[in-house]
Amino acid sequence: MTDANPDLVRALLAESLAAWRVTGRVERASDGALVISGHKSIRIDPAPPDAIFRWMVTADGRMRGAISLVALLRQVREALDPGYAKNRVRIAVAPLVPSS
């Protein structure tokens with residue numbers, strides 16, 4: 001998991017599952033990946049050294065890159081809870097106060 005301590009990331013994911021009230025286990029695979037098992041399986045691999053991402057998250061047969069811990073947690077939450085309300089930030093150039 002690049003420069004992040006894999007054991008700390010595993011512990012964070014395990015505590016996140018508990019906070020989200022989602023049953024599952026987070027374990028380290030023999031190849032160093034993190035695997036979340038439960039009603040859905042999610043695999044978290046370290047990204048290749050030349051990638052802009054830190055992790056590659058595979059859920060439902062789809063692999064996506066995660067650039068930060070926040071992105072990793074968001075992807076895991078979205079995969080485990082399809083009803084989870086996604087929050088996106090949109091930045092646009094506009095005046096602070098609309099002129100009349």
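The numbers here are math on the coordinates, done by the rules we state, and not lab data. Predicted model only: the values in this text are computed from it and were never measured. Methodologically, a virtual Cβ is constructed for each residue, glycine included, from the backbone with ideal geometry; neighbour enumeration extends over all protein chains shown.
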### Task
Order the peptides 4-10, 41-47 from the highest to the lowest mean number of other Cβ atoms within 10 Å of their residues.
41-47, 4-10
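Can you tell me the order of 72-84, 13-25 when each peptide is scored by its average per-residue count of other Cβ atoms within 10 angstrom, highest first?
Working: 72-84: 16.2, 13-25: 14.2.
Highest to lowest by the protection proxy: 72-84, 13-25.
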### Point-to-point label distance, LYS40-LEU69, nm (Cα→Cβ direction, 7 Å offset)
2.3
